[in-house]
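The values are calculated or read from the model by the stated rules, or taken from the named source; none is laboratory data. Predicted, not measured: the structure shown is a model, and the values here were computed from it. Every residue, glycine among them, receives a Cβ derived from its backbone with ideal geometry; neighbour counts consider all protein chains shown. What goes into the accessible areas is simple: the full protein's heavy atoms, side chains included, and nothing from ligands, DNA or RNA. Shrake-Rupley method; radii C 1.70, N 1.55, O 1.52, S 1.80 Å.
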Amino acid sequence: DVNGENILHHEMFLLKNTGSEDEHTVVFTVNILDPLPPSYFIRVISDRWLHSEAVLPISFNKMILPAKFYPPTELLDLQPLPISVLGESALVKLYNFNEFNPIQTQTFHHLFKTDKNCLLCAPSGSGKSACAEFAIMRMLVNDPQGKCVYIAPKEETALHTYKDWSARFGSILRSGQVVQLTGEVAPDLKLIGEAKIIVCTAKQWDVISRRWRQRRAVQAVTLFIADDLHFLGGNVGPVMEVIISRMRFISTQKQQKQESQLRMIGLSASLANAREVGEWMGVSSKGLFNFSPKVRPIPLEIYFHAFDQSNFASRLMAMGK
C-alpha cells in the first residue's frame, strides 16, 4: 500500500532463461481502499539474487472510479405471516407449511396486495418462487381473464417449475390451464390461448413474442415473471435482454391504449447493480428488494484457500490433498 505496511497481493513468477528477453504480462487484482489512497507500489524482487529488485509507483490522482452501488435492502425483523393471510382456502391448501419466511413476509404486501412491478433479489433457497406465486395468486383472484408467463434461462429450471405448478395450481384450475411450451409455434399459440399459467424458456418465448402485434394470445398476457436474472451476463443473457425489453415495450403500449396492465416480476440472486436492472424493468424504488447474500435462511460459510504452486500439475495435487 501507500505506506509500505501491508502487502495487498503477492505471487511467484517464474522467469526462464529462454524467455528472459521476451515481454511478459502478469495480471492480478487488488482492492482499492476507501478513502482512495494517492498511490500503490508494485515491487518485484528476485528470490535468488541480492539487491535485484524494482519498484513501480501507480498513481491514483487521475483515476475516475465508477459510481458506488446502492446498499442492499435491509431484512426487517417482522412477525412471520401465517399462510392464512392468503384469504382463499384453496390458496392456503397450496402450501404445506404454516408461515412464510422473513423475505416472503417482507415482500408479501407489494406482491399480493398491489399490481406494481417488482424485482426481488435474494440468495438461493430464500423462497423466491413462493414470492412469485403471490403475484400469480393475485392475478387468479382479481383478473379472471389474466394470463401469466414464467420464463427461465434453462430448460431444467422451467421443467422443474412446470412440474411443481402443474401439481399444485392444477388442483385449483381446469385441465390445460397450466402448460409448458414445446418450441413449436402453432401448437404453443394454441396452448397459450387456453392457459392461465405458461412456463417456458427464454428462447421459446423469444420466438413466440417476436410477432406480438399479430398474436392476440401474447397481447393477452397480464403477468410476466422472469427468473434467474443473474444469468443476464451469461450465454442466454442477450435473449433475456431482448424479451424483457420487448415485454416492457408491450407494457408501455398497453398503458398508452388504456388496456389491461402488464405486470413484470423479476427474480434473481443478489445483484450489485439491482437498481439499474429495476429501472430497466420499470420497477419503482418501493418495488425493489435486493437482499444481501448474508441473509440466507440457511447460513452458508465460505472459505478461501490459496495454493502458491506455480506448476499446474503440482497445484492440482496440492488441491487434491
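For (1) part of a helix (DSSP H, G or I); (2) of a type in the set (Phe, Trp, Tyr); (3) farther than 30 Å from GLU241 by Cβ; (4) more than 21 Å from the chain's Cα centre (by Cα), each residue gets a yes or a no:
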| residue | (1), (2), (3), (4) |
| --- | --- |
| PRO71 | no, no, no, no |
| LEU78 | no, no, yes, yes |
| ALA90 | yes, no, yes, yes |
| PHE97 | no, yes, yes, yes |
Exercise for the section: Among residues belonging to segment 237-274 that are within 19 Å of ARG211 (Cα to Cα), touching a Leu at 6+ places or on another chain (Cβ under 7 Å) and among the charged types (D, E, K, R), point out the one that is least open to solvent (accessible area, probe 1.4 Å). Expected result: LYS254
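Which is open to solvent by less than 60 Å² (accessible area, probe 1.4 Å) and not aromatic (Phe, Trp, Tyr), of ILE172, ILE192?
On the way: ILE172 fails: open to solvent by less than 60 Å² (accessible area, probe 1.4 Å).
The match here is ILE192.
Suppose we filter segment 139-178 for residues that are in a strand (DSSP E or B) and at positive phi; how many remain?
Of the residues in that region, 0 qualify.
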Exercise for the section: Would you check if GLN261 is touching a residue at least 12 places away in the same chain (Cβ under 8 Å) and either part of a loop (DSSP other than H, G, I, E, B) or in contact with an Asp or Glu (Cβ under 6 Å, 6 or more places away or on another chain) (or both)? Expected result: yes
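Any idea which of ILE302, ILE298 is open to solvent by 70 Å² or more (accessible area, probe 1.4 Å), touching a residue at least 40 places away in the same chain (Cβ under 8 Å) and part of a loop (DSSP other than H, G, I, E, B)?
Details: ILE302 fails: touching a residue at least 40 places away in the same chain (Cβ under 8 Å).
From the options ILE302, ILE298, the qualifying one is ILE298.
So, in segment 197-223, exactly how many residues are open to solvent by 10 Å² or more (accessible area, probe 1.4 Å) and either within 21 Å of ASP143 (Cβ to Cβ) or in contact with a Cys (Cβ under 6 Å, 6 or more places away or on another chain) (or both)?
7
Just to be sure I understand, how many residues within segment 224-236 are open to solvent by 60 Å² or more (accessible area, probe 1.4 Å) and among the small types (Gly, Ala, Ser)? Walk me through it before giving the result.
Initial filter on segment 224-236 (open to solvent by 60 Å² or more (accessible area, probe 1.4 Å)): 230-231, 233, 235.
So of that shortlist, the ones also among the small types (Gly, Ala, Ser) come out as 233.
Count: 1.
With the condition kept exactly as written, say whether any residue in segment 175-196 is under 21 Å from LYS116 (Cα atoms), of a type in the set (A, V, I, L, M, F, W, C) and free of Cβ contacts under 8 Å to residues at least 60 places away in the same chain. Outline the logic, then answer.
Our first condition is that a residue be under 21 Å from LYS116 (Cα atoms); within segment 175-196, this holds for 196.
Next cut, of a type in the set (A, V, I, L, M, F, W, C) only: none.
No, segment 175-196 has no match at all.
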Problem - Options LEU91, LEU111, LEU120; residue that is modelled with pLDDT under 95, under 30 Å from GLY193 (Cβ atoms) and surrounded by 14 or more Cβ atoms within 10 Å (Cβ to Cβ) - result: LEU91
Fill in the blank from the handout: Here the qualifying pairs (Cβ atoms under 6 Å; residues six or more apart or on different chains; first in segment 132-149 and under 18 Å from GLU194 (Cα atoms); second surrounded by 24 or more Cβ atoms within 10 Å (Cβ to Cβ)) come out as ILE136/CYS148; MET139/CYS148; MET139/LEU223; CYS148/ILE197; CYS148/LEU223; VAL149/ILE198; VAL149/PHE224
